[in-house]
Amino acid sequence: MPLTADTVEKWAEQVRRGDVRSVSRAITAIENHAPEAEELLRLLFPATGGAYLTGVTGAPGTGKSTLVDRLGAHYRKKNEQVGVIAVDPTSPFTGGAILGDRIRMQGHAGDSGMFIRSMATRGFLGGLARATAEVALLMDAAGKKQILIETVGVGQDEVDIVRLADCVLVVLVPGMGDDIQNMKAGLMEIGDIFVLNKADREGADRLEEQLLAMLTLVMPRDGWHPLVVRTVATESKGIAELAAEVARFRNHFESSQERNRKRAAHWKLRLTEMLGSRLLERALRGAGGEARLEELAREVAERKTDPFAAVNEILSKSGFSS
């Protein structure tokens, strides 16, 4: 049964107050594409814009979760409200998140100032769950000033994080082969700060030298040249220094107005995606739904029709001119 306007308004107010259960319900509604989720986000949108989004990406095994855990703890010591979105691979059986960062971050379970949510990619390319941007908005509205987004870490597709995050941390560790030579160019280009984690391992100096050499080839963005910060996250070493560099990066780009330009570019992309999604839903509804789309797909595969005629049929039946 659809919720009434008064019920959704009350729900939104509870989210704005940071009520944990209300925020959890709202995230579930967003993930499930519940009809009330859009109205809830519309009501909450004016209360957003105050959070700083830091993306944490890198290959599996680099210690991203521990790094996020300790970085979040650092912000909490400074009495900052923290939200963590951990995007995990999707279970082929349940459709849910496999790794479950909430389990790995149980040390914060009793801290109402730190909200942690694992989300499944559900097959969505780019390492980001489809609803990640909306969940980040929700946490923003709930008063979380530092939002940490940990991505799956699958390589080239991780470049999608740059569209959402204000600052992107790329995490590397020594001893995982020729990391630098095997890194995709796109990942090198999106990193604002490179974190050399597990820096107490053998090979850390050599990896840092290689990384610094490659970073000399990356063009600075508005005067910012990507830098390297060493950490040993399991021992909280280097975390304060990393947080200081994130703050320095934030100050640099907010003073240069680059953050405003980046966010405008992000919303242009999001509006395009939302428009495409709405138009696709309308087109399929008018053409007979998913069943007709599958029929047309089979006909195209069997060469009974061509893809251009199939698309024109959908547009025509939906009231769009082809």
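The values are calculated or read from the model by the stated rules, or taken from the named source; none is laboratory data. Predicted, not measured: the structure shown is a model, and the values here were computed from it. Reconstructed Cβ throughout: ideal geometry from the backbone, glycine too, with neighbour counts over all protein chains shown.
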Practice problem: Give just the number: which of (1) part of a helix (DSSP H, G or I); (2) exposed (fewer than 13 other Cβ atoms within 10 Å of the Cβ) does A243 not satisfy? | Solution: (2)
Practice problem: Considering only the range 304-322, state which residues are within 17 Å of G276 (Cα to Cα), part of a helix (DSSP H, G or I) and within 34 Å of the chain's Cα centre (by Cα). | Solution: V311, I314, L315
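Condition check ((1) surrounded by fewer than 24 Cβ atoms within 10 Å (Cβ to Cβ); (2) modelled with pLDDT of 90 or more) across all residues:
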{"site": "T121", "(1), (2)": "yes, no"}
{"site": "G127", "(1), (2)": "no, no"}
{"site": "G143", "(1), (2)": "yes, yes"}
{"site": "I149", "(1), (2)": "no, yes"}
{"site": "V154", "(1), (2)": "yes, no"}
{"site": "V173", "(1), (2)": "yes, yes"}
{"site": "Q181", "(1), (2)": "yes, no"}
{"site": "I193", "(1), (2)": "yes, yes"}
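So, of the residues in the range 1-51 that are of a type in the set (D, E) and in a helix (DSSP H, G or I), which turns out to be surrounded by the fewest Cβ atoms within 10 Å (Cβ to Cβ)?
Within the range 1-51, the match that is surrounded by the fewest Cβ atoms within 10 Å (Cβ to Cβ) is D6.
Within the range 138-152, can you find the residues that are of a type outside the set (V, I, T) and either assigned to a strand (DSSP E or B) or not assigned by TED's automatic domain parsing to the domain that holds G191 (or both)?
Let us first name the residues in the range 138-152 that are of a type outside the set (V, I, T), namely 138-146, 148, 150.
Residues satisfying the conditions are Q146, L148, E150.
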Quiz item: Applying the selection to the range 257-303, what residues are at pLDDT 85 or above, surrounded by fewer than 11 Cβ atoms within 10 Å (Cβ to Cβ) and not in a helix (DSSP H, G or I)?
Solution: E302, R303
Practice problem: For the range 243-255, indicate whether the set of residues that are more than 24 Å from E134 (Cβ to Cβ), of a type in the set (V, I, T) and in contact (Cβ under 8 Å) with a residue 40 or more places away in the chain is non-empty. | Solution: no
Quiz item: Do we find a residue being touching a Lys or Arg at 6+ places or on another chain (Cβ under 7 Å), of a type in the set (S, T, Y), part of a strand (DSSP E or B) and at pLDDT 60 or above anywhere in the range 77-94?
Solution: no
Practice problem: Residues being touching a Lys or Arg at 6+ places or on another chain (Cβ under 9 Å) and among the hydrophobic types (A, V, I, L, M, F, W, C): count how many of those fall in the range 184-206. | Solution: 4
